[in-house]
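Quick notes on the structure that follows.
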Amino acid sequence: MWKKLRTHPVLLGSLLPILLVAAWEIMSRAGIIPAYQLPAPSAILSTVLAYVQDGSLQNHILLTIYRLLVGFVIGTVAAILLGTLVGYSELAEKIFDPLMQAFRSIPSLAWVPLFILWMGIGETSKVTLIAVGVFFPVYLNIVDGIRGVDRKLIEVGRMYGLDGVALVRRIILPASLPSFLTGLRSGLGLGWMFVVAAEIMGASQGLGYLLILGQNTYAPDVIIASIFLFALLGKLTDWVLKLIQKRSLHWQDTALAKR
Amino acid sequence: MTVRVQSFGRRFGEKQVLQGVDFSVGQGEIVSLLGTSGCGKSTVLRALAGLDKDYEGSITIEPGQRIGFIFQEPRLLPWKTVLANTTFGLKGDKQANEEKARRYLELVGLREAEKLYPRELSGGMAQRAAIARALVTEPDILLLDEPFSALDAFTKMQLQELLLKIWEEIRTTIVLVTHDIDEALYLSDRVLLLQGRPSTLARDLKIALSRPRSRGSASLGKWKQDLLDLLEGKDTAYDYSLVAEVGQKA
């Protein structure tokens, strides 16, 4: 029994974080770490609770998630449309892919000033930035996935008289689903990165705004609380996608699927 | 004649792989295309199936004949169950299709496995499922590309028996590509030997032997020796005159 406990992955994995937080709390209380730089975990927790009580934290979180989702959906839909076309048609690939590769080499944050100039500091520029960030990993994975579809399975489709849209729908899309879902997950990760960037560049609400608020009001507890919430939400949304991935790819014959 | 192939040839880049191949297949006949690997036998079959269109010569298939193809690998769609894979080539009412598919799964001995996914199947089971998928569309001509070559000896024999049993029932025309002389002799009404560089039809051997055949029978042994001699001729001194002579006879 002791041996089982000792090797339990959750227990084993949480050992170090618990120790670190405990050490942090003790050192903060003892005054070894100054509170104006790194407040104690308990102080951060009470800040979070205060924000929850006046209802503002919920609003910040909801708005951030809303921006992320809108950007994510727009970026993903655009990536599906263009990615399917480029992956399937050689002509479309020759026309679009060089341009896409060129755009991809622009670090997405470099768009920020231009987007603000064009669209102002409103929701539009934020959502656009997030959509651009989500677009590329999803697009690249779809194109790769479609190109990587086993020629042998395509032949099976052709043997049963499929071509064009029917071939895409019945063979190519399901076969490239694993790659697409991988793209969605890395797109979501980038989406979180860009929602932070978008909210830092100018917002009056949202978790990213809390980061800046903390910086401007010398409140490290607010900053750390937002960082922690970003991590938590990021993990949570990724977990949802992972679940979807697991459910829709249960047929896969890979070591990962059996874990 | 259900299938007629005339002065068929195929080149890949600079290399002429097949040249001047003529043969025809009658209704309900089982014909094997036999040859060493690389002789182009699969190429002929892919052209018959319409998967390859860059050939020389002509292929005539009686109009209205439905073609089924069984590949060397099962090529099941990994995201579909055995049942869904079997109904893949069918159109129309789902329920009726599934009923039909179940009948063929029964025939190949996979009735219990209909809910399984391809990754859960053994090689033999997967190939059985592939056979059911091809049969369910009720093809008039069944093309098989070394369908049993990846299987162990016992499974291979089982599936050969299965193929004959199916043929007894529905009398479909069968063209089988194989490099296994025993398989060709055991199953076929005619064995076509492809040989040479580029390959030509070296022999058209009629196996006038009633079924069921005994795998070890003396007459099959004689034919086997005959074919082996021809095949070996290729590796040592290649006797073109002999091939030409036999080719003319055919």
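Throughout, read-outs are computed from the coordinates displayed, never taken from laboratory work. Everything numeric here is computed off the predicted structure, so don't read it as measured data. As a convention, Cβ positions derive from the backbone with ideal geometry for all residues, glycine included, and neighbour counts pool all protein chains shown.
Using the per-residue mean of other Cβ atoms lying within 10 Å as a proxy for protection, in what order, highest first, do the peptides A:57-63, A:169-175 fall?
Details: A:57-63: 16.7, A:169-175: 18.4.
So the order, starting with the most tightly packed, is A:169-175, A:57-63.
What is the mean number of Cβ atoms from other protein chains located within 10 Å of the Cβ atom of each residue in peptide B:114-121, rounded to a whole number? List each step's numbers first, then the result.
On the way: counts 0, 0, 0, 4, 2, 7, 2, 0.
Per residue, the average neighbour count from other chains is 2.
How large is the convex hull of the Cα atoms of chain A per residue, expressed in Å³ as a whole number? Display every interim value, and only then the final one.
Working: hull volume 45.2 nm³, N = 259.
Roughly 174 Å³ of hull volume per residue.
So if I take the alpha carbon set of the protein assembly as shown, get Rg, then get Rh from the Kirkwood formula, what is the Rg over Rh ratio?
We get a ratio of 1.16 for the protein assembly as shown.
For peptide B:64-76, compute the average count of partner chain beta-carbon atoms within 10 Å of each residue's beta-carbon. Each step should come with its number before you reach the end.
On the way: counts 0, 0, 0, 1, 2, 5, 1, 4, 1, 1, 1, 6, 2.
Mean number of neighbouring Cβ atoms from other chains: 2.
I need to check one value: relative contact order of region B:55-153, counting alpha carbon pairs closer than 8 Å and at least 6 residues apart, in percent.
Values: 137 pairs, mean separation 46.1, N = 99.
The normalised contact order for region B:55-153 reaches 47 percent.
Restricted to Cα positions, what overall size does region A:132-259 have along the principal axes? Three whole-Å values, descending.
That works out to 68, 31, 17 Å along the principal axes.
Can you find, among A:ILE106, A:ILE26, A:VAL156, the residue sitting farthest towards the positive end of the charge dipole of chain A, where Lys and Arg contribute +1 and Asp and Glu -1 at Cβ?
Comparing the listed Cα positions along the dipole, A:VAL156 ranks first.
What percent do you get for the relative contact order of chain A when only Cα pairs under 8 Å and 6+ apart count?
Details: 259 pairs, mean separation 56.3, N = 259.
Across chain A, relative contact order equals 22 percent.
For region B:1-47, state the average projected area of the convex hull of the C-alpha atoms over all orientations, rounded to one decimal in nm². Write down the numbers at each step before the final one.
Working: hull surface 13.9 nm².
If you wrap the Cα atoms of region B:1-47 in a convex hull and average its projections, you get 3.5 nm².
To the nearest 10 degrees, how steeply does helix A:220-248 sit against the main Cα axis of chain A, on a 0 to 90 scale?
Orientation of helix A:220-248: about 30 degrees from the principal axis.
So how far apart, in nm, are the two label points at A:ASP163 and A:LEU19 if each is 7 Å from Cα heading toward Cβ?
So the two model labels end up 6.6 nm from each other.
Please give the helix A:207-216 orientation as an angle from the longest Cα principal axis of chain A, in degrees from 0 to 90, rounded to the nearest 10.
40 degrees
Using packing as a proxy for protection, rank B:44-50, A:128-134, A:245-251 so that the peptide with the highest average count of other Cβ atoms within 10 Å comes first.
Values: B:44-50: 21.1, A:128-134: 25.0, A:245-251: 14.9.
Ranking the peptides B:44-50, A:128-134, A:245-251 by packing returns A:128-134, B:44-50, A:245-251.
Given the C-alpha atoms of region A:57-200, compute the convex hull and give its volume per residue in Å³. Please list the in-between numbers first.
Numbers: hull volume 15.8 nm³, N = 144.
Hull volume over Cα atoms, normalised by residue count, gives 110 Å³.
Let me check I have the definition right: for chain B, take the eigenvalues of the Cα gyration tensor, multiply each by 5, take square roots. What are those semi-axes in whole Å, largest first?
Equivalent-ellipsoid dimensions as semi-axes: 32, 20, 16 Å.
Hey, got the Cα dimensions of region B:87-184 along the principal axes, in Å, largest first?
Sorted largest first, the three principal extents are 42, 31, 18 Å.
Once the piece of chain linking A:ILE33 and A:LYS152 is laid out straight, how much longer is it, given 0.36 nm per residue of separation minus the C-alpha distance between them? Mind showing how you got there, number by number?
Working: separation 119, 0.36 × 119 = 42.84 nm, distance 6.32 nm.
Once the chain is fully extended between A:ILE33 and A:LYS152, it gains 36.5 nm.
With the contact rule set at Cα under 8 Å and sequence spacing of 6 or more, what percent relative contact order holds for chain B? Each step should come with its number before you reach the end.
Numbers: 429 pairs, mean separation 62.9, N = 250.
Worked out over chain B, it gives 25 percent.
Determine the shielding of peptide A:157-163 by partner chains: average, over its residues, the number of Cβ atoms on other chains within 10 angstrom of each Cβ. Each step should come with its number before you reach the end.
Values: counts 3, 4, 15, 9, 4, 2, 0.
Neighbouring Cβ atoms belonging to other protein chains average 5 per residue here.
Pull up all non-local amide H partners of B:LEU142: gap of 5 or more, or a different chain, and H-to-H distance under 5 Å with H placed in the peptide plane.
Excluding prolines and chain starts, which carry no amide H, the hits are B:GLY68, B:THR173, B:ILE174, B:VAL175.
Could the peptides A:64-70, B:139-145 be put in order, highest first, of the mean number of other beta-carbon atoms found within 10 Å of their residues?
Values: A:64-70: 19.7, B:139-145: 22.1.
Top of the packing list down: B:139-145, A:64-70.
Label-point separation (nm) for B:MET157 and B:LEU209, each offset 7 Å from Cα along Cα-to-Cβ?
Placing both labels 7 Å beyond Cα along the Cβ direction yields 1.5 nm.
Can you tell me the 0 to 90 degree angle between the C-alpha axis of helix B:94-107 and the longest principal axis of chain B, rounded to 10?
60 degrees
Using Cα-only point scatterers and the Debye equation, what is log10 of I(q)/I(0) for region B:15-108 at each q in 0.16, 0.22 Å⁻¹, rounded to two decimals?
-0.90, -1.23
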